[in-house]
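Data block below; observations after.
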């Protein structure tokens, strides 16, 4: 699994003109699922994201985690994180998990985040979404479960 974690002041997802997920202070998580990913990959990433110290203390240092500040989480499926652009100009997605299995793992990831007690919102898996991100900092971190 790959994620793009963005510290945000606010973020929301709109589908067909309606807001389907919206958060305030917290993180926006774009989640890509690769063929062969497992629930254990989701567990590792959720634990890492929830405990990443990316929120500043009074001295401006990254000292607090999402759990420490009681932040919110917006999880959005993003199969394009596994785009392969090595050949030609059109990306291929052969590394991305097939939709049925990817949705199962996406739901597992979201469920694990909800178990942290944080407010968790989502987009709609597989939908065409407009994502509004007010990145704070900006702080953007890339994580891959293979590297954890």
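Any chance you could count how many residues in the range 41-60 are free of Cβ contacts under 8 Å to residues at least 24 places away in the same chain and under 26 Å from residue 97 (Cα atoms)?
The number of residues fulfilling the criteria is 1.
Given 95, 105, 81, which one is out of contact with any helix residue (DSSP H, G or I) (no Cβ under 9 Å at 6 or more places or on another chain), surrounded by 11 or more Cβ atoms within 10 Å (Cβ to Cβ), under 18 Å from residue 145 (Cα atoms) and touching a residue at least 24 places away in the same chain (Cβ under 8 Å)?
From the options 95, 105, 81, the qualifying one is 81.
Can you pull out the residues in the range 56-69 that are surrounded by 13 or more Cβ atoms within 10 Å (Cβ to Cβ) and either at positive phi or over 17 Å from the mean Cα position of the chain (by Cα) (or both)?
56, 62, 63, 64, 68, 69
Could you please give the count of residues in the range 115-131 that are within 14 Å of the chain's Cα centre (by Cα) and surrounded by fewer than 14 Cβ atoms within 10 Å (Cβ to Cβ)?
Looking only at that region, the number is 0.
Here are some conditions: (1) under 19 Å from residue 5 (Cα atoms); (2) touching a residue at least 60 places away in the same chain (Cβ under 8 Å); (3) in contact with a helix residue (DSSP H, G or I) (Cβ under 8 Å, 6 or more places away or on another chain). Residue 65 meets all but one. Which one does it not meet?
(2)
Coordinate-derived values only; no laboratory data. This one's a predicted model, so the numbers in the text were calculated from it and none came from an experiment. All Cβ positions, glycine included, derive from the backbone under ideal geometry; neighbour counts span all protein chains shown.
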